[in-house]
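K.L.:
If you scroll down you'll find the structure; I have some questions about it.
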Amino acid sequence: MSKPSSQPFCASSIIGTGSYMPEKVMTNEDISKFVDTSDEWITTRTGIKERRIAAADEATSDLASEAARRAMAAAGVTAEEIQLIIVATVTPDMFFPSTACFVQKKIGASNAVCFDVSAACSGFLYALQVARHFINTGNRTTALVIGAEKLSSLVNWKDRNTCVLFGDGAGAVVIRRAEEGTDASGRVLSTVMGSDGNLADLLKVPGGASFCPITPENVATRPNTIHMEGRETFKHAVTRMLEASQQALEIAGLTAADVALVIPHQANARIIGAIAERLGLPPERVFMNLDKYGNTSAATIPVALDEANKAGRLNKGDVVLLVAFGGGFTWASSVVRW
Ligand code: ACO
């Protein structure tokens, strides 16, 4: 992974968080009624107990818009004040327009520039870094960064290797320029990102786009669903998330000992446990909510950040470590001073 030699003064602060999870709960028991699996297997291999499933008439932009409204309310900003909307998603409403444009319309953010970012489960941290660049270079002052997914639309519900892992949901943050010398809470201190396209085939949705359009001949093989080499993905996830965490902390001038709470991508409790152990962090300094929601890809980190925030687990001045890994492969980590 190439390491940035230095980063400029970081002037972007998270000033509000919000999340929205669809109402419908699908438990492990529910899944065991239509594929050969069990609550015991899913719980011990992944830590997941249940996940949320969006309604048929709920699109990703609906989940994203509700999370955005809640983040704006928490931040005390109006839709007119939002100058940039970035939605990280692999389940856009449509190929185009971008999901961010649909969110703009739904929340009435008429002054915003809008686009999507595609980096699978690392998407939210990629989008946060893009927004931070806009803000730190003086191009915009206030942005909405959203991670939103309707992964139930990409799941092959006959494939027990993958269908037990994923869920739907959305999380959002409002970020705003903070002046140098102020002690604004939520300041993003550092971000590192990496990608390895050589490993793209290990985790993908191969069909339904230009590479492999859906045809009457191939539709039965479900190419437009998630295909994953679970074991290989697991190994790379642990290595890259650990490496990215250490680099983000080093750039911020901190060590793991300074971390009050790590909010990792919520894919598998065993991946999270392995990273926490190698960073020397005890369980009480590791946030997990994957038992309730499963892997919601780009949404896991902003949803978890919002839940940790609302639960009072983030105190002013706390060092919060965010770290993600996903298809691409992609990975990223950010350090935030709450
Ligand atoms: N229920 C029961 N048995 C199952 C299930 C299931 N749901 N799924 C698989 N099995 C079986 C397999 O068939 C296999 O059986 P076999 O030994 O007879 O062949 C056995 O269980 C073990 O399968 P593995 O795939 O080796 O199980 P593993 O312990 O690796 O766990 C898992 C699988 C949970 C998928 C794990 O590998 C994992 O979490 N990988 C990483 C996922 C991840 O991090 N994704 C990243 C981001 S996702 C994104 O970017 C969209």
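K.L.:
Just to check your reading of the model, which residue among G208, G253, G197 is on the phi < 0 side of the Ramachandran plot and in the same structural domain as I272 (by TED's automatic domain parsing)? Give the steps one after another, and end with the answer.
P.N.:
Values: G208 fails: on the phi < 0 side of the Ramachandran plot; G253 fails: on the phi < 0 side of the Ramachandran plot.
Exactly one residue qualifies, and that residue is G197.
K.L.:
Name every residue in the stretch 88-103 that is open to solvent by 40 Å² or more (accessible area, probe 1.4 Å) and in contact with a Leu (Cβ under 9 Å, 6 or more places away or on another chain), in order of residue number.
P.N.:
Scanning the stretch 88-103 gives a single hit, V90.
K.L.:
Just checking, which of G273, G328 is within 16 Å of the ligand (Cβ to nearest atom) and not in a loop (DSSP other than H, G, I, E, B)?
P.N.:
The conditions single out G273.
K.L.:
Considering only the stretch 257-270, state which residues are in contact (Cβ under 8 Å) with a residue 40 or more places away in the chain, more than 19 Å from K150 (Cα to Cα) and open to solvent by 20 Å² or more (accessible area, probe 1.4 Å).
P.N.:
Looking only at the stretch 257-270, we keep the residues that are in contact (Cβ under 8 Å) with a residue 40 or more places away in the chain, and these are 258-265, 267-270.
Within this subset, residues satisfying the condition of being more than 19 Å from K150 (Cα to Cα) are 258-264, 269-270.
D258, A260, A269, R270 - these are the residues of the stretch 257-270 that are in contact (Cβ under 8 Å) with a residue 40 or more places away in the chain, more than 19 Å from K150 (Cα to Cα) and open to solvent by 20 Å² or more (accessible area, probe 1.4 Å).
K.L.:
Can we say S118 is within 20 Å of V303 (Cβ to Cβ), within 16 Å of the ligand (Cβ to nearest atom), open to solvent by 20 Å² or more (accessible area, probe 1.4 Å) and polar (S, T, N, Q)? Spell out how you get there, then give the answer.
P.N.:
On the way: within 20 Å of V303 (Cβ to Cβ): yes; within 16 Å of the ligand (Cβ to nearest atom): yes; open to solvent by 20 Å² or more (accessible area, probe 1.4 Å): yes; polar (S, T, N, Q): yes.
Criteria met by S118.
K.L.:
Can S195 be described as among the small types (G, A, S) and modelled with pLDDT under 95? Walk me through how you get there before you give the answer.
P.N.:
Numbers: among the small types (G, A, S): yes; modelled with pLDDT under 95: no.
It is false that S195 is among the small types (G, A, S) and modelled with pLDDT under 95.
K.L.:
Can I ask one more? Let me confirm something: among F96, F102, F124, which residue is within 30 Å of M193 (Cα to Cα), of a type in the set (F, W, Y) and without any contact (Cβ under 8 Å) to a residue 40 or more places away in the chain? Lay out the reasoning, then the answer.
P.N.:
On the way: F102 fails: without any contact (Cβ under 8 Å) to a residue 40 or more places away in the chain; F124 fails: without any contact (Cβ under 8 Å) to a residue 40 or more places away in the chain.
None of the other options fit; the residue is F96.
K.L.:
Please return the ranges of helices (runs of 4 or more DSSP H) entirely within the stretch 1-119 where 2 or more residues are not assigned by TED's automatic domain parsing to the domain that holds G171. Full working, then the answer.
P.N.:
Numbers: elements: 28-32, 39-46, 60-75, 99-107.
Per the criteria, no element qualifies.
K.L.:
Another one. Can you tell me which residue within the stretch 25-75, out of those that are free of Cβ contacts under 8 Å to residues at least 40 places away in the same chain and under 21 Å from the mean Cα position of the chain (by Cα), is nearest to the ligand (Cβ to nearest atom)?
P.N.:
V25
K.L.:
Next question. For S12, which of the numbered conditions (1) modelled with pLDDT under 95; (2) open to solvent by 50 Å² or more (accessible area, probe 1.4 Å); (3) among the small types (G, A, S) fails to hold?
P.N.:
Here S12 clears every test but (2).
K.L.:
Follow-up. Only one of A209, A178 is within 16 Å of the ligand (Cβ to nearest atom) and either at pLDDT below 95 or out of contact with any Leu (no Cβ under 9 Å at 6 or more places or on another chain) (or both). Can you tell me which? Break it down stepwise before answering.
P.N.:
Numbers: A178 fails: within 16 Å of the ligand (Cβ to nearest atom).
Testing whether each residue is within 16 Å of the ligand (Cβ to nearest atom) and either at pLDDT below 95 or out of contact with any Leu (no Cβ under 9 Å at 6 or more places or on another chain) (or both) leaves just A209.
K.L.:
Restricted to the stretch 281-322, and to residues that are in a helix (DSSP H, G or I) and open to solvent by 30 Å² or more (accessible area, probe 1.4 Å), which residue is nearest to the ligand (Cβ to nearest atom)? Can you show your working first?
P.N.:
We begin by selecting, within the stretch 281-322, every residue in a helix (DSSP H, G or I); these are 283-285, 290-293, 297-310.
If we keep only those that are open to solvent by 30 Å² or more (accessible area, probe 1.4 Å) as well, we get 283-285, 291-292, 307, 309-310.
Numbers: P283: 19, E284: 23, R285: 21, D291: 14, K292: 17, E307: 20, N309: 24, K310: 25 Å.
Going through the qualifying residues, I end up with D291.
The values are calculated or read from the model by the stated rules, or taken from the named source; none is laboratory data. Everything numeric here is computed off the predicted structure, so don't read it as measured data. Every residue, glycine among them, receives a Cβ derived from its backbone with ideal geometry; neighbour counts consider all protein chains shown. Surface accessibility is based on the protein's heavy atoms, side chains included, excluding ligands, DNA and RNA. Shrake-Rupley method; radii C 1.70, N 1.55, O 1.52, S 1.80 Å.
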